[in-house]
Amino acid sequence: MNKLLSDYTIYVLKRDKDEVENIIQNNSLLKEHRQAFHSLCKEVTSNLSSTYVRNKIKEGKSITYLTPPEVVTYILENKLYQ
């Protein structure tokens with residue numbers, strides 16, 4: 001996890017009433033790597049989660065309208081989350 005937070009930028013999209021800054025401030029690891037997190041757009045909110053997408057794939061349901069076409073192709077070609 002430290003390597004991920006040290007080497008990559010994490011883009012955050014606000015979901016529901018989550019307060020991203022509070023979550024970061026209340027977690028010592030996230031707080032230590034605060035510079036890794038960047039909000040994409042503060043006005044946009046989404047209830048879509050990666051767990052929801054993975055579950056749809058496991059159920060054999062389409063994720064076409066949940067992710068970009070390139071992501072769908074990559075997931076299907078690599079047989080991810082099945």
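The values are calculated or read from the model by the stated rules, or taken from the named source; none is laboratory data. If you're wondering where the values come from, they're calculated on a predicted model, not measured in any experiment. Every residue, glycine among them, receives a Cβ derived from its backbone with ideal geometry; neighbour counts consider all protein chains shown. Side chains are part of the model used for accessible areas, which takes the heavy atoms of the whole protein and leaves out ligands, DNA and RNA. Shrake-Rupley method; radii C 1.70, N 1.55, O 1.52, S 1.80 Å.
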Give me the one-decimal nm value for the distance between modelled label points at GLN82 and ILE23, 7 Å along each residue's Cα-to-Cβ direction. 3.1 nm
Please report the accessible area of SER62 (heavy atoms, 1.4 Å probe, ligands and nucleic acids excluded) in Å², nearest 10. 80 Å²
From the square roots a ≥ b ≥ c of the eigenvalues of the alpha-carbon gyration tensor of the range 1-43, which class results: rounded (a/c under 1.5), prolate (a/b over b/c), or oblate? oblate
As a test question: what accessible area, to the nearest 10 Å², does VAL53 have when a 1.4 Å probe is rolled over all protein chains in place? 20 Å²
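Given contacts defined as C-alpha pairs under 8 Å and at least six residues apart, what's the relative contact order of the chain, whole-number percent?
28 percent
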In the Gaussian network model of the chain, springs joining C-alpha atoms below 10 Å, which of LEU40, LEU13, LEU48 carries the largest mean-square fluctuation? LEU40
Loop-only check: which chymotrypsin sites (Phe, Trp or Tyr not before Pro) in the range 1-64 are DSSP coil with at most 11 other Cβ within 10 angstrom? TYR8
Per its Cα gyration tensor (rounded if a/c is under 1.5, else prolate when a/b beats b/c, else oblate), the chain is best filed as prolate
From DSSP H assignment alone, runs of 4+ in the chain each adding -39500 (n - 2.57), the sum over residues rounded to the nearest 500 puts [θ] at 222 nm at -10500 deg cm²/dmol
